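Okay, structure first, notes after.
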Amino acid sequence: MHWLTEPFATGFMQRALVATLIIGVVAPVVGTWVVLRRMANLGEAMSHGTLAGVALAYAAGVDVVLGAMGAGLVIAALLLTFSSNRRLGQETIIVVVGTAFFALGVVVISRLDTGVELTHFLFGRVLTVGWDDIWLNLALGGVAVVTVFLLFGELRLATFDHVQAEQVGVRVELVQGVLVVLLAVVVVISLRTVGTIMSVTMLVTPAASARMLTRTVRSMTTVGVMLGLAIGVVGLIASYHLDSSPGATIGLLAAGVFAVVFAITLPRRMRHHHRPLG
């Protein structure tokens, strides 16, 4: 028991725990729909692309969280603007926009005397999280979770029956836009916890693991949150005892959980292949 409680004897580790719990809830709630709609590549592009906002905000002396959110919204707007181009396809647009913003971020960073500070936003530095960061993350995360639950019916229709959704008046493109913005929110609240690079791991991996364990969207969301919380807390404790990067440790643990769930559920999934999620 001492092994579990020792890491949280200090104030900075207690703040780190709260920040990790927030991302452990919010990322799987949004990530459920990212997985179901097969938008993992969009999450990756968003997480990499926000580096440009972080770098530009740092150069301008502005809060990097605002820079990341601004970049996320710009990326979302560009993706929604160009995603209707059927000649190229959405995947192509996502790759072009994401890599362009990531490249811009790298160029800006290379021109700045940043030391190691900006790398903290790439790989996370949860041990430096302050209460101001936590309250901001809690507010943004709360808005994201409430939005998902308010749009639950619309999201489900737009995901599983695009035609019926349009027939009953669901604005499918608007739902898609909201989800893209929620992706940006998850990346922003991941900045000082797991970092922008690892944010896609918490966004996709717990939800993907839950997808293999459940048969309904609600249960997938619930299990995804449970996994996200467990992975975050255990990863934080392990990083303390191993003296390793918390963000990377959490990401590695998430991948390990996914591998175990994949192996355990493989026989059942082979028997019930293509069973729809309700």
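The values are calculated or read from the model by the stated rules, or taken from the named source; none is laboratory data. Computed from a predicted model, the values in this text were never measured in an experiment. Don't worry about glycine lacking a Cβ; one is built from the backbone with ideal geometry, like all the others, and counts go over all protein chains shown.
Here are the numbers:
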{"quantity": "Check on residue 183, surrounded by 13 or more Cβ atoms within 10 Å (Cβ to Cβ) and either over 20 Å from residue 138 (Cβ atoms) or in contact with a Phe, Trp or Tyr (Cβ under 7 Å, 6 or more places away or on another chain) (or both)", "calculated": "no"}
{"quantity": "Options 150, 157: the member that is surrounded by fewer than 15 Cβ atoms within 10 Å (Cβ to Cβ), among the aliphatic types (A, V, I, L, M) and farther than 30 Å from residue 58 by Cβ", "calculated": "150"}
{"quantity": "Check on residue 40, small (Gly, Ala, Ser) and at pLDDT 80 or above", "calculated": "no"}
{"quantity": "Residues satisfying the stated conditions in segment 1-37, i.e. polar (S, T, N, Q) and over 12 Å from the mean Cα position of the chain (by Cα)", "calculated": "5, 10, 14, 20"}
{"quantity": "Within segment 147-200, tally of residues that are closer than 19 Å to residue 36 by Cα and in a helix (DSSP H, G or I)", "calculated": "36"}
{"quantity": "Complete set of residues in segment 201-225 that are of a type outside the set (S, T, N, Q) and not in a helix (DSSP H, G or I)", "calculated": "215"}
{"quantity": "Residue list for segment 211-254, filter: small (Gly, Ala, Ser) and over 16 Å from residue 32 (Cα atoms)", "calculated": "230, 232, 235, 238, 239, 244, 245, 247, 248, 251"}
{"quantity": "Sole exception among (1) surrounded by 23 or more Cβ atoms within 10 Å (Cβ to Cβ); (2) without any contact (Cβ under 8 Å) to a residue 60 or more places away in the chain; (3) not small (Gly, Ala, Ser) for residue 191, by number", "calculated": "(2)"}
{"quantity": "Counted residues, segment 43-66 - those being modelled with pLDDT of 80 or more and β-branched (Val, Ile, Thr)", "calculated": "3"}
{"quantity": "Among the residues listed as 166, 173, the single one being touching a residue at least 12 places away in the same chain (Cβ under 8 Å), surrounded by fewer than 24 Cβ atoms within 10 Å (Cβ to Cβ) and either charged (D, E, K, R) or within 24 Å of residue 262 (Cα to Cα) (or both)", "calculated": "173"}
{"quantity": "Residue satisfying all of: in segment 154-174; more than 18 Å from residue 27 (Cα to Cα) and aliphatic (A, V, I, L, M); modelled with the lowest pLDDT among these", "calculated": "163"}
{"quantity": "Some residue of segment 102-118 being touching a Ser or Thr at 6+ places or on another chain (Cβ under 7 Å), modelled with pLDDT under 80, hydrophobic (A, V, I, L, M, F, W, C) and more than 18 Å from residue 247 (Cα to Cα)", "calculated": "no"}
{"quantity": "Subset of segment 39-82 (residues that are under 18 Å from residue 97 (Cα atoms) and of a type outside the set (A, V, I, L, M, F, W, C))", "calculated": "41, 43, 44, 47, 48, 49, 50, 53, 67, 70, 72, 81"}
